[in-house]
Amino acid sequence: MTNPNPISSRDPQWFKSSRSNGSGGECVECAHAGTGILIRDSKRPTGPVVAVATDAWQTFVEGVTLRL
């Protein structure tokens with residue numbers, strides 16, 4: 001049986017940004033999953049998760065990086 005959602009993971013390995021200061025102000029965690037990235041609010045780990053295709057995530061990160 002194939003997975004109907006290629007952007008999924010049963011046990012994602014969540015990580016925070018390297019720019020996160022660890023003082024509790026982090027808001028976003030990400031995890032690599034299948035053909036995409038999972039994104040969630042670090043203060044609500046059981047809350048909703050957004051799945052984004054890898055190429056869309058790369059475009060987003062490049063756009064943010066250009067503005068830093």
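Bear in mind these aren't lab numbers, they're just calculated from the coordinates by the rules spelled out. None of the values given here were measured: they were computed from a predicted structure. As a convention, Cβ positions derive from the backbone with ideal geometry for all residues, glycine included, and neighbour counts pool all protein chains shown.
Potential lengthening of the chain between residue 60 and residue 27 amounts to 10.2 nm, from the contour at 0.36 nm per residue minus the alpha-carbon distance.
The residues neighbouring residue 31, those whose beta-carbon lies less than 12 Å from its own, together hold a net charge of +1 under the Lys/Arg +1, Asp/Glu -1 convention. Taking amide H atoms as placed 1.01 Å from N in the peptide plane, list the residues 5 or more away in sequence, or in a different chain, whose amide H sits under 5 Å from that of residue 28. So residue 28 has HN proximity to 42. Of the peptides 35-43, 54-62, the order by per-residue mean of other Cβ atoms within 10 Å, starting with the highest, comes out as 35-43, 54-62.
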